[in-house]
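The structure under discussion appears below in the form of structure tokens.
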Amino acid sequence: MHVPIVASKLKQQGHDVIAVCHPDGKIGHEMSVRGVKTLTAPIGGYFNPRQTLRLYNILKSERPDILHLHLSRDLWQIVPAAVCAGTGTLILTKHVGSYVNKRDPLHRYLYSHVKRVITVSEVLRKNVIETCAIPSERVTTIHHALDLDRYEPKMYSRKAVLSELGIPDQDTVVGTVGRVSPGKGLETFLRSAKRVLAVDSKRRFRFLIVGDASFGEEAYFRSIRDLTVSLGLTDQVVFTGFRTDIPALLNAMDVFIFPSHAEGLGATLIEAMAMGVPSVSSNSDGTLDIIEDGITGYTVPPEDDSAMANSVLRILEDSETRQRIAAAGRNQAREKFDLDVMIRKIEIVYAECLAGE
């Protein structure tokens, strides 16, 4: 949701924004709902002259000042299209790290056309400088942020959300939110749920998985459903599918889990903290910019379902600690991750690039 949120906010600020999205993804729909002009192009892969030609035609027609990408793989299509069209200052936001060295001649050529790289965390900024052929002064960290007006618990009814999902109001709800994708740690989430149920028989638990598979990752989603069955959790786990009412769903949770193995930042963790939901997170990569163990939440090693279950139980068994970390997490989200501040920082990057800085 980051790209539609940023695009619509930039549009509100008076910028002329056009989104170019894959025709089979959900982003295009979200752009249209938000009133952002949307064009489709089957971007993907590393060498596809037909796709490059489609992008070239879009750029030649629209003549954008700024080309802001959100997936480094798209450089293979965008750079030749932009060079041939002779338009657009190219900016790339890196949401995930590079796990290979990108200093070979081809990558050097691609990154030579990138004016600025924005990373969503300090860990990613260091990763880009170490792995990509781009000078450190052209790499800037701008954290993801929220439209905090939407993250007010009093705006939402826990009872109404649980009723819609078929969950009794007195049940204890532990949830996670995010794309159902490899590396997001859903296996760890399910195994920790199994451990929580084995230890705490006093409460009736429901475990929410909010999100859907991205295009091409449907088989992985099926494997997660299969694991739910094999762990004997069919009656306790609720799959909500893709949702746009994330604040309302978070408001219905007693504990939020962010189990990702490797994450550029962790936007849904920020959302949970902004809603005042006590959180347990893996201490991986970008989450270190968000959560402080024992202060604004609890952190555990990635893939450690035992530690995750113990932290969930610790939150549930100690009301004073639960209230303290929920309040601290909410304050942290509001101080560091405000959408208006993020948009101003992005606009500064645009202005600097257009000025040749």
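The numbers here are math on the coordinates, done by the rules we state, and not lab data. In this text the structure is predicted, and so the values were computed from the model without any measurement. Ideal geometry is used to build each Cβ from the backbone, glycine not excepted, and the neighbour counts take in all protein chains shown.
Values for this structure:
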{"quantity": "Rule-of-thumb Rg ratio for the chain [Cα; 2.2 N^0.38 Å; N residues]", "calculated": "1.03"}
{"quantity": "Highest-MSF residue in the chain out of Thr188, Thr93, Thr40 [GNM, Cα springs under 10 Å]", "calculated": "Thr40"}
{"quantity": "Kirkwood-based Rg to Rh ratio, the range 56-107, C-alpha trace", "calculated": "1.01"}
{"quantity": "For Ser214, distant residues with modelled amide H under 5 Å away", "calculated": "Val180"}
{"quantity": "Highest-MSF residue in the chain out of Leu190, Leu124, Leu227 [GNM, Cα springs under 10 Å]", "calculated": "Leu227"}
{"quantity": "Between the range 83-161 and the range 1-61, the alpha-carbon center distance in angstrom", "calculated": "17"}
{"quantity": "Of Leu231, Leu162, Leu67, the one that fluctuates the most in a GNM where the chain has Cα springs shorter than 10 Å", "calculated": "Leu231"}
{"quantity": "Volume in Å³ per residue [convex hull over Cα atoms, computed for the range 296-357]", "calculated": "105"}
{"quantity": "Phi to ³J(HN,Hα) by Karplus 6.51 cos²θ - 1.76 cosθ + 1.60 over the range 199-206, Hz, x for Gly, Pro", "calculated": "8, 10, 9, 6, 9, 9, 9, 10"}
{"quantity": "Residues whose placed amide H lies under 5 Å from that of Ile66, excluding near-sequence neighbours", "calculated": "Thr89"}
{"quantity": "Per-residue [θ]222 nm for the chain (sum of -39500 (n - 2.57) over DSSP H runs n ≥ 4, rounded to 500)", "calculated": "-13500 deg cm²/dmol"}
{"quantity": "Estimated D of the range 139-203 in µm² per second, where Rh is the Kirkwood radius over Cα pairs and Stokes-Einstein applies at 37 °C, 0.692 mPa s", "calculated": "213"}
{"quantity": "Net dipole in debye of the chain [+1 Lys, Arg Cβ; -1 Asp, Glu Cβ; about Cα centre; nearest 20]", "calculated": "640"}
{"quantity": "Tail weight of P(r) past 15 Å, computed on alpha-carbon pairs of the range 37-80, percent", "calculated": "38"}
{"quantity": "Rounded tilt (10° steps) of 75-85 against the dominant C-alpha axis of the chain", "calculated": "30"}
{"quantity": "Kirkwood Rh and Cα Rg combined as Rg over Rh, evaluated for the range 61-188", "calculated": "1.14"}
{"quantity": "Long pairs among Lys60/Lys115; Lys94/Lys115; Lys94/Lys184; Lys26/Lys94; Lys115/Lys184; Lys194/Lys336, criterion Cα-Cα beyond 24 Å", "calculated": "Lys115/Lys184; Lys194/Lys336"}
{"quantity": "Dipole in debye (nearest 20) - the range 209-357, about Cα centre, beta carbon charges: Lys, Arg +1; Asp, Glu -1", "calculated": "340"}
{"quantity": "Long-range amide H partners of Ala19 with built H, under 5 Å", "calculated": "Lys37, Thr38, Leu39"}
{"quantity": "Global geometry of the range 164-304, whether rounded, prolate or oblate, following the gyration tensor of its Cα atoms and the 1.5 cut on a/c", "calculated": "rounded"}
